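A.B. asks: Mind looking over this structure? Questions follow.
The values are calculated or read from the model by the stated rules, or taken from the named source; none is laboratory data. For clarity, every value in this text was computed on a predicted model and none was experimentally measured. Here the Cβ positions follow ideal geometry from the backbone for every residue, glycine too, while neighbour counts run over all protein chains shown.
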Amino acid sequence: MIDANAKDQKMTETFHSFDGGVTVQSVSGRPSELSLKGLSDMEEKLLAGRKLRIARGAGLNFSAASFAPNSVSVDMASFRNILGFDKEKGIIEVEAGATMGDIYNYLLDHNRYLLPQPGYPSITTGGCIAVDVHGKNQFKDGNFSDYVESVKLLHPAYGVIEVSERFNKEVFELTLGGYGLTGHILSAKLKTKVIPGAQMELSVDPIELLEQTPEMIEKAARHCDFTVSWHDLTGEGKAFGRGFLINGVFKKGSTGLSKLTEGHYVDSDNRSGLGLSFYSLPFTRLMNVMYSGLRTMRPEAKLVPIHECLYPSRRLRDMYYKMFGPQGFCECQMIVPVEHFEEYTAALRDWLSRHELPITLASGKFFHGQQKLLRFSGKGICFALNFPRTPAAAEFLLYLDQLAMKLDLIPYIAKDSRLPLEVVRHCYKDYDKFKERLRKYDRERLFSSEVSQRLEL
């Protein structure tokens, strides 16, 4: 790291996207003190001579949104203080590095929580804002951006500015899902909700045919607090896409809220720790059969603590990602309009029947809303695919790119570290609007990452 008090000290660091698709050597910087003064000193002493910079949080982004070969990657993960809580309005103010786990634990004492939660408690608030994450029922709860009251930014050209619906609204809109390109997020005020109960009642509904998914998942999303589908795409014939829905409903009035324990979870630096990939097609088929059997053998609902729903199977998830090995994995997450779902899944079936590529995860969520700027939202089924990073995977991704443009799907920029400009420009109708507004606001384009450079932002 660069010390803000040692102007001539220059150190490089190896950065990886979480999926393993991008690795670069770049300069990293950490403020000499955890304060606005420390960050401002670093800007003045170090970054004045380097044109480009970008903030970095927990390093869990699947794409390279927090580093680039010619940018200083500014470590904001240590800025994790809870700055205040308005009990009457239910609004919490936190620094950008405050994690979802930090906020969850703090709010438990007030019987409140954040609705849209990514699956890892170590993801930072700044990261959630930058990529506009969603939780386990986007249809009911919306995106993270729907719960951001205001944001404080530091930009060399403007100093510290507060942006919200009332002040600097256009910059506020650019910041939500803006991939950190409007400045260093210092802090944010977030809207919270009362926790209906300490436990959630989880049930499993089998999906016999993949084509049944849209109707089943929409119905569940309207009535449940949590709903996610799982599918086995290694099956053949009618078994292709067979799976189940996991549905959760708060057990109102249940007691016994428990806090998360501290722990170090997998990140972009240690994800490839096992040294080899375990995911062959036969192994993946076996794992899917076992997992599906375990999930569906007990159809009766069970009560689980809410943190196990918000952040499910943390240790198993860590192991899942590590088993991809050094070459990493690919994720393709797209919003598929319901009217195109059968055509989309038929195209998946056709390609996978002709190529050997193990789909280690296929999962769906029901979405609503209108796509705006570069935010990942829209109407349809958010369908996610994971698979090992192999030559066959590269061909499959190109196939999915063409499918996205043909069917007007919306791919999630934050989940695909090689998503081409052509696809983003076609699928995000506000791409040009975002680019024009960003360049008007930040004329020198001081904030830059591999993502922004690849997408010519």
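A.B. asks: Exactly one of (1) on the phi > 0 side of the Ramachandran plot; (2) among the hydrophobic types (A, V, I, L, M, F, W, C); (3) surrounded by fewer than 19 Cβ atoms within 10 Å (Cβ to Cβ) is unmet by Leu373. Its number?
C.D. replies: Unmet condition: (3).
A.B. asks: Within the range 146-159, work out how many residues are part of a strand (DSSP E or B) and either under 26 Å from the mean Cα position of the chain (by Cα) or modelled with pLDDT of 95 or more (or both).
C.D. replies: 8
A.B. asks: In the range 160-177, what residues are buried (at least 17 other Cβ atoms within 10 Å of the Cβ), outside any helix (DSSP H, G or I) and touching a residue at least 40 places away in the same chain (Cβ under 8 Å)?
C.D. replies: Listed by number, the residues that qualify are Leu176, Gly177.
Each row is one residue, and each column tells you yes or no for (1) among the charged types (D, E, K, R); (2) in contact with a strand residue (DSSP E or B) (Cβ under 8 Å, 6 or more places away or on another chain); (3) in the same structural domain as Ile306 (by TED's automatic domain parsing).
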{"residue": "Gly126", "(1), (2), (3)": "no, yes, no"}
{"residue": "Asp132", "(1), (2), (3)": "yes, yes, no"}
{"residue": "Leu154", "(1), (2), (3)": "no, yes, no"}
{"residue": "Ala157", "(1), (2), (3)": "no, no, no"}
{"residue": "Val171", "(1), (2), (3)": "no, yes, no"}
{"residue": "Ser187", "(1), (2), (3)": "no, yes, no"}
{"residue": "His231", "(1), (2), (3)": "no, yes, yes"}
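A.B. asks: May I ask you to verify whether Thr12 is within 30 Å of Ser277 (Cα to Cα), modelled with pLDDT of 75 or more and more than 24 Å from the chain's Cα centre (by Cα)?
C.D. replies: yes
A.B. asks: Say whether the condition of being touching a Phe, Trp or Tyr at 6+ places or on another chain (Cβ under 6 Å) and assigned by TED's automatic domain parsing to the domain that holds Lys152 is met by at least one residue in the range 208-215.
C.D. replies: no
A.B. asks: Let me confirm something: among Glu149, Glu93, which residue is over 19 Å from Lys372 (Cβ atoms), of a type in the set (D, E, K, R) and in contact with a Lys or Arg (Cβ under 6 Å, 6 or more places away or on another chain)?
C.D. replies: The match here is Glu93.
A.B. asks: Check whether at least one residue in the range 78-98 is within 30 Å of Asn247 (Cα to Cα), of a type in the set (Val, Ile, Thr), out of contact with any His (no Cβ under 9 Å at 6 or more places or on another chain) and surrounded by fewer than 24 Cβ atoms within 10 Å (Cβ to Cβ), and report yes or no.
C.D. replies: Checking the range 78-98: at least one residue is within 30 Å of Asn247 (Cα to Cα), of a type in the set (Val, Ile, Thr), out of contact with any His (no Cβ under 9 Å at 6 or more places or on another chain) and surrounded by fewer than 24 Cβ atoms within 10 Å (Cβ to Cβ).
A.B. asks: Just for the range 193-238: of the residues that are basic (Lys, Arg) and closer than 25 Å to Val148 by Cα, which one is farthest from the chain's Cα centre (by Cα)?
C.D. replies: Filtering first and then ranking leaves Arg222.
A.B. asks: Just checking, which of Lys140, Lys136 is in a loop (DSSP other than H, G, I, E, B), under 20 Å from Tyr412 (Cα atoms) and at pLDDT below 95?
C.D. replies: The unique qualifying residue is Lys136.
A.B. asks: In addition: Take residues that are in contact with a Pro (Cβ under 9 Å, 6 or more places away or on another chain) and modelled with pLDDT of 95 or more and tell me which of the helices (runs of 4 or more DSSP H) falling wholly in the range 369-457 contain 1 or more.
C.D. replies: In the range 369-457, 391-407, 421-427, 450-454 are the helices (runs of 4 or more DSSP H) which contain 1 or more residues that are in contact with a Pro (Cβ under 9 Å, 6 or more places away or on another chain) and modelled with pLDDT of 95 or more.
A.B. asks: Could you say which residue among Gly20, Gly29, Gly38 is assigned to a loop (DSSP other than H, G, I, E, B), outside the structural domain of Asp416 (by TED's automatic domain parsing), touching a residue at least 24 places away in the same chain (Cβ under 8 Å) and not β-branched (Val, Ile, Thr)?
C.D. replies: Criteria check complete, one pass: Gly20.
A.B. asks: Kindly check whether there is at least one residue in the range 21-41 that is of a type in the set (S, T, N, Q), modelled with pLDDT of 90 or more and within 24 Å of the chain's Cα centre (by Cα).
C.D. replies: yes
A.B. asks: Ok, one more. So which strands (runs of 3 or more DSSP E) are wholly in the range 183-297 and hold at least 1 residues that are among the charged types (D, E, K, R) and farther than 30 Å from Asp350 by Cβ?
C.D. replies: Answer list for the range 183-297: 184-191, 199-207, 242-251.
A.B. asks: Would you pick out the residues in the range 316-330 that are crowded, with 20+ Cβ neighbours inside 10 Å and either aromatic (Phe, Trp, Tyr) or within 24 Å of Ile381 (Cα to Cα) (or both)?
C.D. replies: Tyr321, Phe324, Phe329, Cys330
A.B. asks: Another question, if that's okay. Determine whether the range 256-275 contains at least one residue that is among the polar types (S, T, N, Q), within 23 Å of the chain's Cα centre (by Cα) and surrounded by fewer than 18 Cβ atoms within 10 Å (Cβ to Cβ).
C.D. replies: Taking every residue of the range 256-275 in turn, at least one turns out to be among the polar types (S, T, N, Q), within 23 Å of the chain's Cα centre (by Cα) and surrounded by fewer than 18 Cβ atoms within 10 Å (Cβ to Cβ).
A.B. asks: Same structure, new question: Just wondering, is there one or more residues in the range 264-274 that are among the polar types (S, T, N, Q), closer than 25 Å to Leu202 by Cα and modelled with pLDDT under 90?
C.D. replies: Checking the range 264-274: not a single residue is among the polar types (S, T, N, Q), closer than 25 Å to Leu202 by Cα and modelled with pLDDT under 90.
A.B. asks: What is the one condition in (1) of a type outside the set (Gly, Ala, Ser); (2) over 23 Å from the mean Cα position of the chain (by Cα); (3) surrounded by 13 or more Cβ atoms within 10 Å (Cβ to Cβ); (4) at pLDDT 90 or above that Tyr291 does not satisfy?
C.D. replies: (4)
A.B. asks: Next up: Is it true that Phe367 is aromatic (Phe, Trp, Tyr), touching a helix residue (DSSP H, G or I) at 6+ places or on another chain (Cβ under 7 Å), in the same structural domain as Phe283 (by TED's automatic domain parsing) and closer than 26 Å to Gly180 by Cα?
C.D. replies: Yes: the conditions hold for Phe367.
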